[in-house]
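Single-structure report; data block below.
The values are calculated or read from the model by the stated rules, or taken from the named source; none is laboratory data. All values reported here derive from a predicted model rather than from experimental measurement. Note: ideal-geometry Cβ built from the backbone for every residue, glycine included; neighbour counts use all protein chains shown.
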Amino acid sequence: MRYMLLLGLLFAELLAFAQSPRVLIVTAHPDDETMFPVTIFKITHELKGSADLALITDASGGYNGLVASSYYGMNLVDSVVGRKQLPLIRKKEMLASGEVLGIDNFFFLDQPDDYYNRNEKPYLTGKNWDIDYVNRRLDTLLAKGNYDFVFCLLPHEGQHAHHKTASISAIRAVQRMKGKRPVVLGAQAQDKNSEFKYSGLNGYPETKVNAADPVFQFDRSRHFGEDNKHSYMIVADWVKAAHKSQSGDMNQAMHRGEMETFWYFEINGNERIREVKKLFDDLRITGY
């Protein structure tokens, strides 16, 4: 009887472990995680999973902190000041965001956050970034992390070059893995009435999405609780508020983007779709 009880407890622990997903987030800048914070929050807090984050750039860009200049006591819209001060400031903000999200480990790859543009080629070819170093670090993290999922920003044509490079690098790192690989998803936040369509980034077959595959969403605006006044939008706002140095961008983003939307890359294979479906089913039925 005691033996059977121990077996039952062991089985319960294994089942709980199996239901606790491990996620690696790969992004270019602090605040990129504001595209899908509630999904991460629910994984770490409600599904009892875990999440790590690999930040590709050194966070020395982003000079839109007009109100933040008063908060920090320095001119954060000036690029000279920003280049010197923002890397430390924005990494501290990233840690504050991670405290809300439940991030376990941060990995800083410190590539130059040089300037806004949409041409990813100089970064992917190693002209603007040490892409070999980025690849080695991602390979090591994936080999050691035993992740079930990798989340990155959706690399569409209108994205910042840094975003596209970070996401393509993450996809390629998963492709290079031997044995079982995590499922890699591309995400962005969008309004409920959005008509955005995505099939892949031209010239990068690894970013292809099959039109027949489902697009997975979590509605963070659904109301519940006393007087129906609660929603998970507050979690997204907590995360956005952590990025005070980006006061211009975060002011525009606050309490917007109801849907956290994830696309399933074709490189994952059709047989892995059910794993993603289970994750999002679990997200919907846990919490509030």
Check whether at least one residue in the stretch 148-160 is surrounded by fewer than 13 Cβ atoms within 10 Å (Cβ to Cβ) and not in a strand (DSSP E or B), and report yes or no.
yes
So is LYS208 touching a residue at least 24 places away in the same chain (Cβ under 8 Å) and over 23 Å from ILE40 (Cα atoms) or not?
yes
What residue, of ALA143, ALA173, is crowded, with 17+ Cβ neighbours inside 10 Å, assigned to a helix (DSSP H, G or I) and among the small types (Gly, Ala, Ser)?
ALA173
Search the stretch 90-110 for residues that are over 16 Å from VAL23 (Cβ atoms) and pair each with any residue that is among the aliphatic types (A, V, I, L, M) and in a helix (DSSP H, G or I) when their beta-carbon atoms are under 6 Å apart and the residues are at least 6 apart or on different chains.
GLU93/ALA242; ALA96/ALA242; LEU109/VAL134
Of all residues in the stretch 76-99, count the ones that are aliphatic (A, V, I, L, M), crowded, with 20+ Cβ neighbours inside 10 Å and part of a helix (DSSP H, G or I).
3
Need pairs with beta-carbon distance below 8 Å; first residue under 24 Å from LYS208 (Cα atoms) and within the stretch 263-288, second of a type in the set (S, T, N, Q) and part of a helix (DSSP H, G or I); sequence gap 6+ or separate chains.
PHE265/THR207; ILE267/GLN175
Return a yes/no flag: does the stretch 125-136 have any residue that is modelled with pLDDT of 95 or more, in contact with a His (Cβ under 7 Å, 6 or more places away or on another chain) and either not small (Gly, Ala, Ser) or not in a loop (DSSP other than H, G, I, E, B) (or both).
no
By residue number, the members of the stretch 115-140 that are crowded, with 17+ Cβ neighbours inside 10 Å and farther than 30 Å from LYS42 by Cβ are GLU120, TYR123, LEU124, ASN128, TRP129, ILE131
